[in-house]
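What follows is calculated from the coordinates using simple rules that are stated; it is not laboratory data. Please read these numbers as outputs of a predicted model, since none were measured by experiment. Note: ideal-geometry Cβ built from the backbone for every residue, glycine included; neighbour counts use all protein chains shown.
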Amino acid sequence: MMLFVLAQATAAAVAPATAADVGASAQAAVTSYPLAFFAGQNVNSALDMMGRLPGFTLDTGASVRGFEGAAGNVLIDGQRPASKSDAIDSILQRIPAGKVERIDVIRGGAPGIDMQGKTVIANVILKKGGGTRGLLAVSELHVDNGQDFGGLRAEASGAIGVRTWEAALSAGAGPDNGVDVGRSVLIHADGRPTDVATLDSHGFDNSISLKGAFETPLLGGKLRVNGLWDADKFKEPETDRFTAPTPDVQQFNFLQKNGDTEIGGRFSRNFGPATDLELVGLRGTKDRDVDSTSDIDGSFSDFFSNRHSSEAIARGVLKHRFGQAVSTELGAEYADNRLDSRTRFTVDGVDQALPAANVQVEEKRRQAFAKGTWRLTPTWTLDGALGYESSDISSTGDVVLAKSLQFSKPRLAISWTPVPATQLRARFEKVVGQLDFNDFVASSSLTNAVGVTAGNPDLNPEQDWVSEVAVEQQIWKGASLILTGRHSKITDAIDRGPVFASDGTVFDRPTNIGSGTKDELILDFTLPFEPLGWKGALLKGELTKRWSAVTDPTTGKTRAISNLHPTDWNVSYSQDLPRWNFTTGVDLYGGFSQTAYRFNLIEVFKLKTYVRPYAEWRPKPGWSVRFEIPLATGPKVRSRDTLQIFPGPRSAGGLPDIQDRQFHYPRGFYIRLRKDFG
């Protein structure tokens, strides 16, 4: 409340951003930011423009199966991209700023706009026509430990008559900036001498990606087809050299190879001025090979897994608008997901029993939904949806099961704009999580005490009843404060629990642990200082505070949800100097901590705050040079992983061993040269 009063007082002193200030639509919920709004700001792409929007934080969507639940908070020409593997930030990065006519930010809902379960959506409206455009960018990342990594981006788009096309190639390498050199200390609870070791780990990644799209008129509408191919290889060797109690050397290796493909299409057609039809189909595949080994005191362990998954989706939506105040949608979606996973774990050449090592899983999911938006008055908007989902899950191999699940998913969102500078929003929704196939199969972390964890195909989706209230206050032109409170009542929370192998060995695995709660308080701010006389200066940031409670399946006591960050924050400052075609700034990414609870250990991982200063210069039209120091705070301790390792289940008591692993990461610099064509 104090924030709201302060914002109102500030708005009275400095004229608020009205619709006319930024070319807003007559509808209070829609604010339009034309290309002129970004004049004097050094923006190369639609992604850069997103970072300058008042009160907007990009949500790239969830990495889940299905199409409906994976939505982000960006539309392009009123439509969601017909791709899941091609992330929305990557798509926005490929759209030159000069191709954008305007960006509409919809708050609370507007007739004809699918809010996709979000309370704030950005709709990127592109200019029509235009010739061939392209860009070529090369980059170099130098790390002070002697590593150098190069990158290449080549993109082009154009038109052949009424047809349009896009193509993109990216390739490069990069480091794992969470590891480098470090130190490990293991304190034994039984009084044995402490183990002390120096750590040397240099993870790096090589990747290549090809993307393309083609759009053409068809049957009175238009058809857009897109494709993607990604290949990625990540390697992280580690050597631990013990200095106490006796000299020793331990070796670890981790290798992961990924290969992704996707082909998708969207057909859309207008049937008159008020009715639209949209059909979406796509199919994607993912291949994952993991080989993790350890050599400890002459004992050699090898964990290998091969996973092949596929997803096929068919979706149809019919939209109709009743005048300017009411719009409706009816739709249905079908998804077929398959996973074939084969896992092997050996110690000194002897196979070890591992639950759910080799499984084949199939999920067939059907979903129907109805959505509607009603502009009751110029200041009140009601946005609602009702969905019904059913799925059949079957598993063969080491785990044989078959089950069916059904869920209803209602949602109601209300927004009120009493004055142009103030909006209040409320949302009440049942959110049904989508099962993660990675939880169905075994995984490993041989470099610490976590070791090998089992899979669990017999999981139920987590269900949350979410209540949310937000207040947004525009302070002056382009400036806003948003305060959001969110409460989630959880059923079938997915966390960690024990499982026994056939030989009696106990493994950790994901499991449903019952009910729980989660509360979040979020502050988002955008503060341009030009109205105060400081031209070109912009400060943006977000702070999220979380509280949670579930019942630990091992101890029966209340604790926080595993791996949930209690606090996240980030702040970015930029200074545009259009006279010199120059922009400089600094990004602060707040450190975080997360705690994982397993049946026999508690792991606390902490990542330190890091600072990234940057500068970008456009020496002449079409050319830009960018310079960054990705980790200006190095080479201090970058990450810290602390484990309490109990002799058995934590419920049995006993003093734990304490393992503490710390990694430093050196400084370096990044430079990119970019040339735009067209």
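Tabulated values for the structure
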{"read-out": "Nearest 10 degrees, 0 to 90: helix 2-13 Cα axis against the chain principal axis", "value": "30 degrees"}
{"read-out": "Phi-based couplings in Hz for the stretch 209-218 (Karplus 6.51, -1.76, 1.60; Gly and Pro marked x)", "value": "9, 10, 9, x, 8, 9, 10, 8, x, 7"}
{"read-out": "Gain on full stretching of the segment that runs from ASP436 to VAL400 - 0.36 nm per residue minus C-alpha separation", "value": "11.2 nm"}
{"read-out": "Inter-probe distance in nm under a simple model that places probes 7 Å from Cα toward Cβ, at VAL604 and ASP660", "value": "1.0 nm"}
{"read-out": "For the stretch 238-248, 3J(HN,Hα) per residue [Karplus equation, 6.51 cos²θ - 1.76 cosθ + 1.60, θ = phi - 60°, Hz, x = Gly/Pro]", "value": "9, 10, 10, 10, 7, 10, 8, x, 9, x, 6"}
{"read-out": "Long-range HN-HN contacts of THR633 with modeled amide H, under 5 Å", "value": "VAL611"}
{"read-out": "Cβ-defined net charge surrounding GLY372, 13 Å radius [Lys, Arg +1; Asp, Glu -1]", "value": "+2"}
{"read-out": "Tensor-based shape of the stretch 611-664 (alpha-carbon gyration tensor, a/c under 1.5 rounded, otherwise prolate or oblate)", "value": "prolate"}
{"read-out": "Residue-wise HN-Hα coupling along the stretch 361-372, computed from phi with Karplus coefficients 6.51, -1.76, 1.60 (Hz; x: Gly, Pro)", "value": "10, 9, 10, 10, 10, 10, 8, 10, 8, 10, 10, x"}
{"read-out": "Cα→Cβ-extended label distance, 7 Å offset, between VAL347 and VAL586, nm", "value": "5.0 nm"}
{"read-out": "Footprinting exposure proxy for LYS545, LYS557 (fewest neighbouring C-beta atoms within 10 Å first)", "value": "LYS557, LYS545"}
{"read-out": "Cα gyration tensor shape for the stretch 69-207, rounded if a/c is under 1.5, else prolate or oblate", "value": "oblate"}
{"read-out": "222 nm mean residue ellipticity, helices alone, for the chain (DSSP H n ≥ 4; -39,500 (n - 2.57); rounded to 500)", "value": "-1000 deg cm²/dmol"}
{"read-out": "Label of the coordinate-derived value, Kirkwood radius over Cα pairs in Å, listed as [x] 28.3; [y] 27.4; [z] 34.7", "value": "[y]"}
{"read-out": "Residues whose placed amide H lies under 5 Å from that of GLY455, excluding near-sequence neighbours", "value": "ALA442"}
{"read-out": "Environment charge at HIS565 (Cβ cut-off 11 Å; Lys +1, Arg +1, Asp -1, Glu -1)", "value": "+1"}
{"read-out": "Segment ARG667-ARG579, extension gain: residue separation times 0.36 nm, minus the distance between their alpha carbons", "value": "28.5 nm"}
{"read-out": "Sites LYS128 and THR275, calculated FRET efficiency, Cβ-Cβ separation with R0 35 Å, nearest 0.05", "value": "0.95"}
{"read-out": "Distance between modelled label sites at ARG640 and ASP77, nm, 7 Å Cα→Cβ extension", "value": "5.3 nm"}
{"read-out": "Cα centroid separation - the stretch 514-577 against the stretch 616-678, whole Å", "value": "19 Å"}
{"read-out": "THR216-LEU136 FRET efficiency (beta carbon distance; Förster radius 25 Å; 0.05 resolution)", "value": "0.40"}
{"read-out": "Cβ-derived FRET efficiency at R0 30 Å, ALA36 paired with VAL419, nearest 0.05", "value": "0.75"}
{"read-out": "Amide H partners (placed H, <5 Å) of ARG667, local residues excluded", "value": "ASP144"}
